[in-house]
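For reference, the structure is listed below as structure tokens.
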Amino acid sequence: MDTDLTAAYDRCRELHRRHGRTYYLATRLLPAWKRRHVHALYGFTRYADEIVDRTEELPPAERAARLDEWAGRFVAGLHGAPVDDPLLPAVLHTIAVFDLDRDDFALFLKSMAMDLTVTSYDTYDHLLDYMEGSAAVIGTMMLPILGSSDPVEAREPARQLGFAFQLTNFIRDVAEDLDRGRTYLPDDDMVKFGVTPDELADARARGRTTPRIRELIEYEVTRAQAHYAAAAPGITLLAPASQACMRTAYALYGGILDEVAAQGYDVFVNRALVPQRRRIAVAARALLAPTGAPVVIPGPAVGPIP
């Protein structure tokens with residue numbers, strides 16, 4: 001591997017290590033040759049997210065221009081043009097090695113652009129449309145790297161796991177997203193529980209929730225749990241060498257929901273985190289679990305997705 005490509009993979013790995021601690025820990029359980037490709041996909045998604053969310057001092061039009069310019073370099077690279085970028089060579093190499101679906105990347109970039117102009121979602125179906133590009137495609141990008149005994153059967157669980165992970169992040173990060181002027185709690189869900197945007201803002205300012213917001217967050221947790229349930233069968237369809245990694249990611253992200261429940265569904269008092277001791281124990285159990293063993297769905301038993 002040439003020096004520039006090695007440096008690009010190293011850059012992606014560093015982004016993953018610094019910003020994606022939960023998933024980074026899980027990837028340590030993958031065979032070494034797979035890890036760099038997972039880091040590359042994380043680096044791609046994280047860098048796009050940073051253009052959107054870490055340049056808030058700039059006008060939206062300038063942030064959009066930066067995202068368009070970077071996306072343009074990526075597309076040019078897909079067509080064989082030389083790419084002068086610290087991480088895109090690794091991404092393009094990973095796409096070529098696994099013949100990843102280019103449409104997934106286009107959908108992802110479309111959802112990132114939405115974050116520059118869309119600040120809320122009327123319904124859960126509208127939020128799902130956004131998450132199709134921001135979350136479900138991450139699952140389908142990952143699937144060829146992880147490997148599967150039945151890629152067709154494993155595709156939908158991979159999409160569902162993307163939804164589950166992102167909803168977990170949305171639930172945990174309600175306060176942080178409010179600070180950015182966004183909410184990923186569907187408007188009609190807020191109406192259902194009598195929660196207003198002003199009530200959310202006030203709870204953020206006071207650092208504690210209200211009974212109505214607790215009920216709303218508990219409802220969203222139930223939604224996320226249903227996606228975890230739909231994703232569970234896909235773990236055992238993965239290549240044996242990839243199962244420990246995804247068992248760990250599944251349990252750790254699901255553990256965030258457990259932490260939210262443990263603090264009474266108050267997402268303002270603390271940012272829900274899985275303690276380090278539990279993270280290590282989860283990884284150890286996943287490594288020792290026999291191939292094909294079912295995963296434990298987080299939280300109480302759930303029915304169909306609400």
**Complete:** For Thr117, the lone unmet condition from (1) free of Cβ contacts under 8 Å to residues at least 60 places away in the same chain; (2) open to solvent by less than 70 Å² (accessible area, probe 1.4 Å); (3) over 20 Å from Arg13 (Cβ atoms); (4) assigned to a loop (DSSP other than H, G, I, E, B) is (2)
**Asked** Does the stretch 9-21 contain at least one residue that is under 18 Å from the mean Cα position of the chain (by Cα), open to solvent by 30 Å² or more (accessible area, probe 1.4 Å), touching a residue at least 24 places away in the same chain (Cβ under 8 Å) and at negative phi?
**Response** yes
**Item:** Conditions (1) open to solvent by 20 Å² or more (accessible area, probe 1.4 Å); (2) at pLDDT 95 or above; (3) closer than 26 Å to Pro197 by Cβ; (4) in a helix (DSSP H, G or I): number failed by Gly133
**Value:** (1)
**Search result, residues across the stretch 136-161 that are open to solvent by 10 Å² or more (accessible area, probe 1.4 Å) and within 14 Å of the chain's Cα centre (by Cα)** = Ile138, Gly139, Thr140, Met142, Ala158, Arg159, Gln160, Leu161
**Request:** Among the candidates Leu41, Leu87, Leu78, single out the residue that is touching a Ser or Thr at 6+ places or on another chain (Cβ under 8 Å) and either at pLDDT 90 or above or loosely packed, with under 13 Cβ neighbours inside 10 Å (or both).
**Result:** Leu41
**Prompt:** Which ranges mark the helices (runs of 4 or more DSSP H) fully within the stretch 171-228 that have 1 or more residues being open to solvent by less than 10 Å² (accessible area, probe 1.4 Å), among the acidic types (Asp, Glu) and at negative phi?
**Reply:** 187-192
**Request:** Mind counting the residues in the stretch 1-23 that are at pLDDT below 90 and closer than 14 Å to Met142 by Cβ?
**Result:** 2
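The values are calculated or read from the model by the stated rules, or taken from the named source; none is laboratory data. All values derive from a computational prediction rather than experimental measurement. Every residue, glycine among them, receives a Cβ derived from its backbone with ideal geometry; neighbour counts consider all protein chains shown. In case anyone asks, the SASA skips ligands and DNA or RNA and just uses the protein heavy atoms, side chains included. Shrake-Rupley method; radii C 1.70, N 1.55, O 1.52, S 1.80 Å.
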